[in-house]
Amino acid sequence: MAISTVSLYGDYRRTIEPRTKLLILLIVNITSFVQNNILCETLCIALITIAMIYHRSYGLAIKNLIFFGAMALFILLTLRVENTIVGMLSVVLIMARKIFPTFMFAALLMSTTQVGEMTSSLQAMHTPRQITIPIVVIMRFFPTIKEESKGILEAAKVRGICFTPWNILKSPGQMMEYIMVPLIMQLSVVAEELSAAAVTKGIDSDKKRTSLYQTHFSAMDLVFTVLFSANLVFAFVGGGVW
């Protein structure tokens, strides 16, 4: 059976089990840092894309592939360009490309996993609260960052500050300040509020919690785990540090 998660109301969804997603995220992270072979990197991106298609996250897959392709193309075209600014930008993009697979799969995890599903899965394997609480808070934190960023951009637009490509190129430091300073100030408050909300809902209680979700492993969990693990082995043996 391909279904990994089902709610008590019969809402069947085709998805990888949350614990499997966490394991694959760890595998992708290790693979990204040990590989130095374009084939291994391409295989990793391809596997993540297949996982996105499996979850029917077609838009997310297309956006990430376009972004990755644009990064790779820019790096390829600027390899022989002798310019300080272009060289610095290329170095930044090379570093971004290195960690891009991790962020790509993390985006899939965040967009296809309900907080309740993750909590139910972690409790099923008797995960300590010291691990469960941070994971749950993080899953709520990143979507909040997106919403706060939208609010900051709208507030800046009201004050006549437009984040156009020309303004960013002309005054990158100033544009960064307009975004980062209010964002950092707001996120410190958001982190405290999310932690307090999780505790209020009884996440740190010693009592066994009930859940709307019943999670279980399926054949596809094994298939994806084997595929990503095989790519990790290839990163070490055929396309990585060895």
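The values are calculated or read from the model by the stated rules, or taken from the named source; none is laboratory data. Remember, predicted model here, so these are calculated numbers, not experimental data. Note that each Cβ is placed from the backbone with ideal geometry, even for glycine, and that neighbours are counted across all protein chains shown.
Could you figure out which of (1) at pLDDT 90 or above; (2) surrounded by fewer than 20 Cβ atoms within 10 Å (Cβ to Cβ); (3) under 15 Å from A96 (Cα atoms) isn't true of I53?
Here I53 meets the rest and fails (3).
When you scan region 13-36, how many residues do you find that are aliphatic (A, V, I, L, M), surrounded by fewer than 22 Cβ atoms within 10 Å (Cβ to Cβ) and not in a helix (DSSP H, G or I)?
0
Of the numbered conditions (1) at pLDDT below 80; (2) among the charged types (D, E, K, R); (3) in a helix (DSSP H, G or I), D204 satisfies every one except a single condition; which is it?
Unmet for D204, out of (1) at pLDDT below 80; (2) among the charged types (D, E, K, R); (3) in a helix (DSSP H, G or I): (3).
For G69, indicate whether it is under 28 Å from T144 (Cβ atoms), of a type in the set (G, A, S) and either part of a helix (DSSP H, G or I) or modelled with pLDDT under 85 (or both).
no
Going by what's in this entry, would V86 be described as at pLDDT below 90, assigned to a helix (DSSP H, G or I), over 29 Å from F141 (Cβ atoms) and not basic (K, R)?
Answer is yes for this residue.
Out of curiosity, is L39 at pLDDT below 95 and either surrounded by 17 or more Cβ atoms within 10 Å (Cβ to Cβ) or assigned to a helix (DSSP H, G or I) (or both)?
So L39 fits the description; yes.
Residues of region 71-80 being among the hydrophobic types (A, V, I, L, M, F, W, C), exposed (fewer than 11 other Cβ atoms within 10 Å of the Cβ) and more than 25 Å from the chain's Cα centre (by Cα), which ones?
Residues satisfying the conditions are L76, L79.
Working only within region 81-97, note down all residues that are surrounded by 11 or more Cβ atoms within 10 Å (Cβ to Cβ), within 30 Å of T113 (Cα to Cα) and either aromatic (F, W, Y) or out of contact with any Phe, Trp or Tyr (no Cβ under 8 Å at 6 or more places or on another chain) (or both).
Result: I94, A96.
Go through region 51-66 and count every residue that is without any contact (Cβ under 8 Å) to a residue 24 or more places away in the chain and among the hydrophobic types (A, V, I, L, M, F, W, C).
Summing the residues that are without any contact (Cβ under 8 Å) to a residue 24 or more places away in the chain and among the hydrophobic types (A, V, I, L, M, F, W, C) in region 51-66 gives 5.
Can you pull out every residue in region 149-198 that is touching a Leu at 6+ places or on another chain (Cβ under 8 Å) and in a helix (DSSP H, G or I)?
S149, I152, I179
What about R97, is it in a loop (DSSP other than H, G, I, E, B), more than 20 Å from F224 (Cα to Cα) and basic (K, R)?
No.
So, I138, is that one at pLDDT below 80, in a helix (DSSP H, G or I) and either out of contact with any strand residue (DSSP E or B) (no Cβ under 8 Å at 6 or more places or on another chain) or crowded, with 16+ Cβ neighbours inside 10 Å (or both) or not?
So I138 fails the test.
Out of curiosity, is L232 crowded, with 17+ Cβ neighbours inside 10 Å, more than 24 Å from P134 (Cβ to Cβ) and in contact (Cβ under 8 Å) with a residue 24 or more places away in the chain?
yes
For M175, are the conditions met, namely being surrounded by 15 or more Cβ atoms within 10 Å (Cβ to Cβ) and farther than 30 Å from L22 by Cα?
Judged against the criteria, M175 is a match.
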